[in-house]
């Protein structure tokens with residue numbers, strides 16, 4: 001699928017998993033706006049006139065200050081924990097540039113050379129250069145554990161007819177709700193929010209718990225995290241059986257500037273060398289992980305010998 005169609009689907013995943021919006025144009029990176037002028041950069045070096053790491057002694061991460069389970073300014077998200085792991089492996093100090101993941105996020109962080117890595121980005125979008133993926137997950141259906149809908153595994157399930165379901169507007173599963181005739185009763189939650197003050201995921205989870213809606217569709221990491229943090233916990237099921245609409249599973253990468261080839265290769269090595277530890281961190285946050293055969297990755301599978 002060519003842009004803008006492919007970009008719309010990928011942006012939908014990114015927006016739901018990290019509320020990214022209004023990405024900076026790729027030309028911003030190529031032009032190097034905001035790049036310090038003059039002098040050499042030790043360690044990072046200069047590649048074809050473009051800087052890589054501005055400070056080779058610091059792992060500088062771009063992050064949202066209030067967007068759990070991904071990140072916050074207290075270092076409590078799983079992207080914070082992965083960044084801490086990488087900083088320790090690199091022997092670097094960890095520093096953040098925080099900016100709400102809404103309009104201007106990439107432009108004001110990575111694109112302005114205020115930081116050097118976005119810790120979570122959907123694979124395939126050309127607005128940043130992607131590392132190798134470090135996890136794969138999917139959108140999930142969320143319902144009360146004692147609900148008749150708890151066993152739903154596809155949005156084509158006839159038990160969903162006439163039910164009031166929550167969906168984040170403009171995300172890929174909204175298409176599946178339309179295809180299956182579920183939109184007339186659906187409750188829509190905003191796609192773009194200022195995460196300092198609002199959370200569509202948390203609002204949906206609260207509505208499911210209160211019975212205001214019968215169930216909802218959320219990006220997997222948000223579904224797993226928030227469903228486990230209510231009493232009683234909610235049930236989630238990854239949506240891997242949808243037909244006719246956009247796929248609902250995505251590989252997640254780290255984003256760097258298009259010019260940062262050495263930095264990308266270094267991150268790729270860190271991902272490969274530390275994948276079991278990364279998986280463990282994500283599972284501790286309730287992130288539902290998938291291998292390439294759609295099998296769930298669990299704590300038990302991590303301890304099994306190959």
Going by Cα centres, segment 199-218 and segment 232-306 are how many Å apart? 24 Å
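At a Förster radius of 30 Å, what calculated FRET efficiency corresponds to the Cβ-Cβ distance of residue 294 and residue 126, to the nearest 0.05? Walk me through the intermediate numbers first.
Values: r = 26 Å, r/R0 = 0.88.
The computed FRET efficiency comes out at 0.70.
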Counting DSSP beta bridges with both ends in segment 138-238, the antiparallel % (nearest 5): 60 percent
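Need the full-extension length gain, residue 156 to residue 179, defined as separation in residues times 0.36 nm minus the C-alpha distance. One decimal, nm. Spell out each step's value before the answer.
Details: separation 23, 0.36 × 23 = 8.28 nm, distance 0.86 nm.
In short, 7.4 nm is gained.
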Mean projected area (nm²) from the convex hull of Cα positions in segment 53-125 is 4.8 nm²
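What is the projected area of the convex hull of the Cα atoms of segment 155-306, averaged over all directions, in nm²? Don't jump to the answer; show the numbers that get you there.
Values: hull surface 46.8 nm².
Averaged projected area of segment 155-306's Cα convex hull equals 11.7 nm².
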Output row, site residue 230, 7 Å Cα→C-beta label point, backbone N cut-off 11 Å, window segment 154-186, residues 166
Neighbour-count order for 252, 213, fewest beta carbons within 10 angstrom listed first: 213, 252
Per the Cauchy relation, a quarter of the hull surface: what is the mean projected area of the convex hull of the alpha carbons in segment 138-238, in nm²? 5.8 nm²
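We did not get these values from a lab; they are worked out from the coordinates using the rules stated. These figures come from a predicted structure and were not determined experimentally. Cβ coordinates were reconstructed from backbone atoms using ideal geometry, including for glycine residues, and neighbour counts include every protein chain displayed.
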